[in-house]
Structures are given as C-alpha cells and as structure tokens.
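Asker: Pasting in a structure now, in structure tokens, and then I'll have a few things to ask.
The values are calculated or read from the model by the stated rules, or taken from the named source; none is laboratory data. Being a predicted model, the structure only gives us computed values, none of them experimental. Glycine also receives a Cβ, built like all others from the backbone with ideal geometry; neighbour counts cover every protein chain displayed. Keep in mind that these areas ignore ligands, DNA and RNA; they rest on the heavy atoms of the full protein, side chains included. Shrake-Rupley method; radii C 1.70, N 1.55, O 1.52, S 1.80 Å.
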Amino acid sequence: MKVIVTGSEGFIGKHLCKRLEKEGHTVVGLDRNNGQEALYFEVEDAEFVIHLAAWADVRASINDPKGYWENNVVTTTIIQKACAANNIPLLYASSSCIHDWHLSPYGMSKKVNEETARDNQCGLRFTTVFGEGARDTMLIGRLVNNTAKYATNHIRDFVHVDDVIDVMLLLMSKDPSEWDLAYDVGTGQGYEVSYLANQICGYDLPVQQGDECEAQNNTANINRLNVAGWPGAKIDVTTYLKEKLGK
C-alpha cells in the first residue's frame with residue numbers, strides 16, 4: 001500500500017515510517033524539515049494518508065494562537081478535503097487536549113480538526129507519547145537526564161511510541177467504515193507527575209502547580225480501542241524509567 005505520512009521527520013513520524021516500510025508499505029514522507037510543506041499537500045496515487053504534522057506545544061499556543069490556527073487547522077482542513085474528494089482513508093493526529101479544548105488555542109485547533117473531519121477519517125487523541133527519539137526537553141527526557149527542576153500533581157497517561165504505532169497499524173487493517181470518529185490513544189493508566197519524579201525516579205523535586213492551560217488529567221479512555229481489537233499497551237512508563245535509570 002502507498003501511504004503518505006505528513007510530519008515524517010517528527011518523533012512519531014520517524015517511528016511510523018520505519019514500521020510501515022518494515023511491513024512492506026511504500027511510504028511517501030512529507031515534512032517541512034525536508035522542504036515539503038503539508039500545506040501544499042497532493043494525494044497523487046496514495047491509498048492511505050496519516051497526517052501527523054502539527055504544532056503541539058500547549059503553552060506556546062497561548063502566545064501564538066494565529067500560528068496554531070494556520071498550522072493545525074488550515075493545513076489539516078486542506079488534507080481532509082483532498083482525502084475526501086479522492087476517497088482516501090485518513091488517520092490524523094488529534095490530542096487528549098480535546099477533552100479540555102477550551103483551555104488553549106492548541107486544544108481548540110484539535111477540536112476544530114475533529115469537527116471538520118469527513119467520512120473515512122479518524123482522529124487519534126494521543127496522550128503523552130514517550131520513547132526513543134523524543135525531545136530531551138519533554139518530561140520523560142528530563143526525568144531520565146535529571147534535568148527537571150520541579151514536578152506537578154498533574155495526572156498524565158504516558159504511552160510509548162511503539163504502542164502508538166501499533167494502534168495506527170491496527171486501524172489501517174480495518175475497513176474505515178468501522179472506525180469511530182476518534183479514539184483516545186493511551187494506556188488507560190494515569191500517573192501523577194510528582195509520583196514518577198520523586199517515588200519512581202527517586203528525586204526530591206519541589207511540587208508546583210501547573211499552568212492553567214494544561215488539563216489536570218489526560219488519562220485515556222481506551223474502551224473504544226479495546227472494542228476495535230487493541231489488546232492494550234505493552235510498555236509501562238514506570239518500567240521504562242526504572243530501566244533507563246538502572247533501578
């Protein structure tokens with residue numbers, strides 16, 4: 001199958017492209033880092049599209065709502081329309097922020113994405129994705145590298161990138177008419193950030209209140225994925241942290 005992947009040079013995109021190629025698919029990657037803007041998307045003879053390109057920083061969206069609208073809404077709408085016009089199935093990156101979309105321009109952009117989706121198009125509401133290749137500035141990277149300055153009592157559902165790819169491949173294997181409009185993609189298990197930092201990692205970080213733009217709890221409801229045939233996540237973040245820290 002010929003699959004177009006936008007955001008192919010991003011954290012999730014790189015893992016996805018490698019896995020798709022391993023499974024025997026032909027992958028066409030589009031990424032602004034390669035001079036290929038998803039804004040100028042063309043379906044060509046693709047049989048499937050996975051749209052991952054987006055700006056994804058909740059805090060940054062507060063200061064640049066217009067940029068987030070243009071990158072996350074305008075571009076995604078173009079891709080949704082093109083896929084619908086050519087009857088090409090589309091999986092696209094939504095976010096767990098959809099459940100508290102009013103807290104940030106980023107969450108709002110994902111809410112709009114789900115509202116403008118057509119038939120045979122499915123949103124993937126990623127929780128907090130971690131794994132090899134993620135930015136060191138992300139929470140799990142800062143915990144592994146011991147560069148975190150504080151922790152919060154936010155509850156986060158940390159899902160490994162390999163499990164995220166498993167979900168996408170599962171949905172690709174199904175008739176798009178069987179898809180729900182969107183799926184929460186996480187483990188279904190939430191952990192307090194302060195618990196991971198101070199109990200699991202053994203640090204003694206001060207606990208601070210998080211920003212108002214952040215949801216208190218992003219734990220996924222994976223019932224729909226279970227019904228679709230997903231057996232659940234294979235990698236737990238506590239085990240991952242312990243292994244990385246040699247505990």
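Asker: At what distance in nm do the modelled label points of E70 and N153 sit from each other, each positioned 7 Å from its Cα along Cα→Cβ?
Answerer: The two pseudo-label positions are separated by 4.1 nm.
Asker: Related question: Please determine, in degrees from 0 to 90 and to the nearest 10, the orientation of helix 105-116 with respect to the longest principal axis defined by the Cα atoms of the chain, where the helix direction is its Cα long axis.
Answerer: It works out to around 30 degrees.
Asker: I've got another one for you. Return a whole-number percent for the relative contact order of the chain, with Cα pairs under 8 Å and 6 or more residues apart as the contact set.
Answerer: 17
Asker: Another question, if that's okay. How long is the stretch 52-168 along each principal axis, judged by its Cα atoms, biggest number first, in Å?
Answerer: Extents along the principal axes, in whole Å: 49, 33, 21.
Asker: Also, quick follow-up: Please give, to one decimal in nm, the separation of the simple spin-label points placed at L245 and K2, each 7 Å out from Cα toward the Cβ.
Answerer: 4.9
Asker: Simple spin-label model, 7 Å along Cα-to-Cβ: R142 to R224 in nm?
Answerer: 3.1
Asker: Restricting attention to the alpha-carbon atoms of the chain, what are Rg (one decimal) and Dmax (integer), both in Å?
Answerer: Both quantities, over Cα of the chain: 17.8, 55 Å.
Asker: While we're on this one: Quick check on the stretch 151-247: take the gyration tensor over C-alpha atoms, sort the square-rooted eigenvalues as a ≥ b ≥ c, and tell me if it's rounded (a/c under 1.5), prolate or oblate.
Answerer: Because a/c hits 1.5 or more and a/b fails to exceed b/c, the stretch 151-247 counts as oblate.
Asker: What angle, in degrees between 0 and 90 and rounded to the nearest 10, separates the Cα long axis of helix 11-22 from the longest principal axis of the Cα atoms of the chain?
Answerer: Approximately 50 degrees, to the nearest ten.
Asker: Hey, another quick one. If you scale each eigenvalue of the Cα gyration tensor by 5 and take the root, what three semi-axes come out for the stretch 1-60, rounded to whole angstrom and sorted largest first?
Answerer: One finds semi-axes of 20, 14, 9 Å for the stretch 1-60.
Asker: Using the alpha-carbon centroid of each, what span in Å lies between the stretch 132-191 and the stretch 1-67?
Answerer: Using only Cα atoms, the two centres lie 17 Å from each other.
Asker: Show me the three semi-axes of the equivalent ellipsoid for the stretch 91-149, from the C-alpha gyration tensor (sqrt of 5 times each eigenvalue), largest first, rounded to whole Å.
Answerer: With the √(5λ) rule applied to the stretch 91-149, the semi-axes are 28, 14, 7 Å.
Asker: Calculate how steeply helix 75-85 sits against the longest principal axis of the alpha-carbon atoms of the chain, using the helix alpha-carbon long axis, and give the answer as 0 to 90 degrees to the nearest 10.
Answerer: Once rounded, the angle reads 40 degrees.
Asker: Sticking with this structure for a sec: May I ask you to compute the full-extension gain from L181 to H102, defined as 0.36 nm times their residue separation minus their alpha-carbon distance, rounded to one decimal in nm?
Answerer: Length gained, L181 through H102: 26.5 nm.
Asker: What accessible area per residue comes out for the chain, rounded to a whole number of Å², with a 1.4 Å probe?
Answerer: Solvent-accessible surface per residue comes out at 49 Å².
Asker: Once neighbouring chains are kept in place and the probe is 1.4 Å, which whole percent of the accessible area of the chain is contributed by carbon and sulfur?
Answerer: Here it works out to 46 percent.
Asker: While we're here: Can you list the lysines whose alpha carbon is less than 25 Å from that of K110, not counting same-chain residues fewer than 8 positions off?
Answerer: K14, K66, K81, K174
Asker: With a Förster radius of 35 Å, plug the Cβ-Cβ distance of I78 and I235 into 1/(1 + (r/R0)^6) and report the FRET value to the nearest 0.05.
Answerer: Efficiency, from the Cβ-Cβ distance: 0.55.
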